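Everything below concerns the one structure shown next.
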Amino acid sequence: MLGAVMVASRLTLLTLMTATLAVAQPSPSTTAIVTLPPVSVVGVAPLPGLGVDRDVLPYTVQTSTAAALRQDQSTLAEHLLGRFSGVNATEIQGSPFQPDLSFRGYSASSLLGSPQGISVYLDGVRFNAPFGDVVDWDLIPEAALAQLMIVPGSNPVYGLNTLGGALVLTTQSGLSAPGFDGEVRFGSFGRKRADLAYGYNDAEGWHAFIASTLFDEKGWRAHSQGHLGNVFAKVGHASRGDEIEAEVLYGASTLIGNGLAPDARYTGSGVDPGLVDQQRNAVYTWPDRTINRLLQASVRARHAFDDDTVLDAMAYVRKSSRDAVNGDVSDLYGDYVESCAAGFNADGSAVDAGCPYTRNQGAALASGVMNTTRTDERSWGAAINFAKHWRMHQLALGAEFNAGRVSYNQYTQLGAISDDREAVADPAQPVDFFSGVTGMSQAFGVYATDTWTVGPGTHITGALRWNASRVRNTLSTADDGTLPEARFTYRKLNPALGIAQQIDGAWTAFANLSQSNRVPTVIELGCANPEQPCRLPAGLQSDPFLEQVVARTAEAGARWHPSPQTRASVSAYRTDNRDDILFLRAANTQQGYFANFARTRNQGIDATLDQQLGPVALTLRYSYLDATYQAQGRIASGERTIDVQPGMRIAGLPRNTLKLAADWQATETASIGADVVAVSSVGTVGNDDGLVADAGSDAGRHSRDAAVAGHAVVNLRARWRLDRHVELSASVANLFDTRYASFGALAQDLFVDGAIIAPHIAPQDPATARFVAPGAPRALYLGLRYRY
């Protein structure tokens, strides 16, 4: 962390010097850019309603705009990481459109099986997929976005899965973005991207908007090429008091998620370099390919009874599919290596009596496996929201319904691992069905919220939501065939109450209490029996009942807004999760199952500062996160079994994150910007108890901190407007080419110097290794934008 702090300190000093010089010297223009323009009114529900002045809410809402996203020259996930307090990301998949994003320690991930804790909405449509609540970041129409907002805490109004917060996205229309706006960017690692948009409106109130994002790259890691494309179209009509809009979104992507690779191997005598330490762009095994498809249509209508009363309604349908191919070392070969590591005698018999194979059997044993999955989802839903300003009250009443059908199947085919660690299926081997599920989920919620101005500067906000959910599953496994249908029903009433007190014209103090819940996903219900454990990626086995997760948040803080040029906030929060769902280790096996864990806790501090100094805009974000277990238990952490004690830190989450950005409007037509994201060390999954292997092994006799070191990444960007139509841009990511990793997990490394261990040729022991998600190296990108 020392190196990260030094880099952050140097950039902070450089930024302040730049700001001082910029203010002191005459500027060719008084035009200034604002990275996050003040937004006085924000929504308090998935549908827009009338909105509420965010300074009267008992929590701090973070917002941004399409202009700020474009200024950063980044993806949506990268923008959230760099500009929002409390947001962190891991580069497990290695693709900019497959991030594992978190807010206050709660996940919004594209990885199936991850415990999701953030709800995501796009124009009022719930974007979390019904199967696993995953967020497909690659299918969000970034070229069409108008605004983005993060609502913190266990806000019940935003429905299921809002344990840590909600991300609300809204799109442009022909009214808000008329004309053509197109930008193309290209640069390092063969990356090419185009964002195109066109809006139209007329005097009769008709408007139309269409946008598309196209992306292609070779990728900086080996075998990591990927591409995607999406098209978003909206047409509508607005008249006095009435609006109606129809939207269609189509997206398709083929992305490579190469996953973790070892950078350190642990033995009883010390630490040896791993594959990534020797070759930065190396992957462990491949291919790891995901193909996503999405077609979504929605219609939204609004009727304004008067200036203080509106009714919003929305309905949608969605069809999506996901095909994944993952090449790995087979469990069969891994068991063979571990049991036969001592090698074989001259007559072909095993040296170790525990090895069940002869030399010839070992030589013929399949080393690789191709795991393939197919997921098909059909979902639909509707929502309605009534909003009214009545005397000293700002009321919202609403209801939301979401339903979905899913079909999921997993297959395996044995093969071999090539010299460059590619898993190649053997055509002579059958494609075996492993597990599957068909099912349906339904979720209904009704809510009410009110912001009441009790007196001058005093505002009380209360909310109440009732959730009812039903899940029906029919599982199939290779061993047991089709199992009887299982049905689960969940209900919960979630309240929230808070107060905001304006102390003077600049200061506001606030506090709130809130509760929300998450219903177990099909993946979790399908692997919840300790008598029938499974491995991850989850192979569905049986579906006993799991309790729903309930999160309760207490938060307090203050906001300071003395002028349009200055805005600051600080919040302290604690969220206790009851019946959290974790992956536990089954007795006497290396397999596990999902089960409720009595209690976990996420607590911390979020601080923000936005400051305009003449032509320089500064933003500062700091977050402290303490995520811990609050009960005793025995969990599967990576490939190890951890005896959890209350107060033990949850791995994979940094405690400290500092973000600083500066944008200088050097002239009327040119701007220059820089930002840094500095992150403290991250606990490695499997090293939660300070050991790198279970007791009894050579490595397990020694206590060792295997945490991933902290880091700081600096980025630069510049824009130059040639005329009112044409603009050039350039950016440098990871300016100092920092070698870093964002996540780590302990696992058995079955390769030595990149070659698979083969006891029948030369005795080798598999080693416990730290597998990491390596960060991308320095990259340069150039862009051209045209508007009219």
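Count Lys and Arg as plus one, Asp and Glu as minus one, and take only other residues whose Cβ is under 12 Å from that of residue 271; the net charge is then -1. Projected onto their three principal axes, the Cα atoms of the stretch 710-788 cover extents of 70, 27, 19 Å, largest first.
Calculated FRET efficiency, residue 668 to residue 784, Cβ-Cβ distance, R0 = 22 Å: about 0.65 to the nearest 0.05. When the helices of the chain are scored as -39500 (n - 2.57) per DSSP H run of n ≥ 4 and the total is divided over every residue, the value at 222 nm lands at -2000 deg cm²/dmol.
Taking a temperature of 10 °C and a viscosity of 1.306 mPa s, what whole-number D in µm²/s does Stokes-Einstein yield for the stretch 116-159 with Rh from Kirkwood over alpha carbon pairs? For the chosen part, D equals 136 µm²/s. Applying the Karplus relation 6.51 cos²θ - 1.76 cosθ + 1.60 with θ = phi - 60° to the stretch 613-630 yields 3J(HN,Hα) values of 10, x, x, 10, 10, 10, 10, 10, 10, 9, 9, 10, 10, 10, 9, 9, 7, 10 Hz, where x marks Gly and Pro. Taken along the Cα-to-beta-carbon direction at a fixed 7 Å, the label points for residue 509 and residue 554 span 1.6 nm. Sequence-ordered 3J(HN,Hα) estimates for the stretch 503-514 from the Karplus curve with 6.51, -1.76 and 1.60 and θ = phi - 60° stand at 7, 8, x, 10, 9, 9, 9, 8, 7, 7, 10, 8 Hz, glycine and proline given as x. Amide hydrogen proximity for residue 704: with H placed 1.01 Å from N in the peptide plane, the residues at 5 or more positions away or on another chain lying under 5 Å are 691, 692.
Provide the net charge surrounding residue 505, with neighbours chosen by a C-beta distance below 15 Å and charges set as Lys +1, Arg +1, Asp -1, Glu -1.
It works out to a net charge of -1.
Placing +1 on the Cβ of every Lys and Arg and -1 on the Cβ of every Asp and Glu, with nothing else charged, gives the chain a dipole about its Cα centre of roughly 1480 debye.
Distant-in-sequence amide contacts of residue 355, defined by a placed amide H-H separation under 5 Å and a gap of 5 or more residues or a different chain, comprise nothing.
With the simple spin-label model, which puts each label point 7 Å out from Cα in the Cβ direction, the residue 433 to residue 351 separation comes to 4.4 nm.
Close amide H contacts of residue 461 (hydrogens built in the peptide plane, cut-off under 5 Å, sequence separation of 5 or more or a different chain): 452, 498, 499, 500.
Take the Cα of residue 704, step 7 Å toward its Cβ, do the same at residue 361, and the gap between the two points is 3.3 nm. Charge tally for residue 341 (other residues, Cβ to Cβ under 10 Å; Lys, Arg +1; Asp, Glu -1): -3.
So for the chain: antiparallel DSSP bridges make up what percent, rounded to the nearest 5? Here the antiparallel bridges make up roughly 95 percent for the chain.
Between residue 572 and residue 295, full extension at 0.36 nm per residue minus the direct alpha carbon distance yields a gain of 95.7 nm. Ranking 261, 455, 726 by how far each Cα lies toward the positive end of the dipole of the chain (charges on Cβ) leaves 455 at the top.
Taking the Kirkwood radius as Rh and the Cα radius of gyration as Rg, the stretch 42-124 has a ratio of Rg/Rh equal to 0.98. Based on alpha carbons, the Rg and Dmax found for the chain are 26.7, 93 Å. As a calculated quantity, the FRET efficiency between residue 448 and residue 474 at R0 = 56 Å, using C-beta atoms, amounts to about 0.95. Calculated FRET efficiency, residue 643 to residue 279, Cβ-Cβ distance, R0 = 35 Å: about 0.45 to the nearest 0.05. Note on the stretch 84-234: Kirkwood radius taken over Cα pairs, Stokes-Einstein applied at 37 °C and 0.692 mPa s, translational D equal to 195 µm² s⁻¹.
Quick note: the coordinates plus some simple rules give every number you see, no bench work behind them. Every value quoted in this text rests on a predicted model; they were computed, and no experiment measured them. Neighbour counts are summed over all protein chains in view; Cβ atoms, including those assigned to glycine, are modelled from backbone coordinates with ideal geometry.
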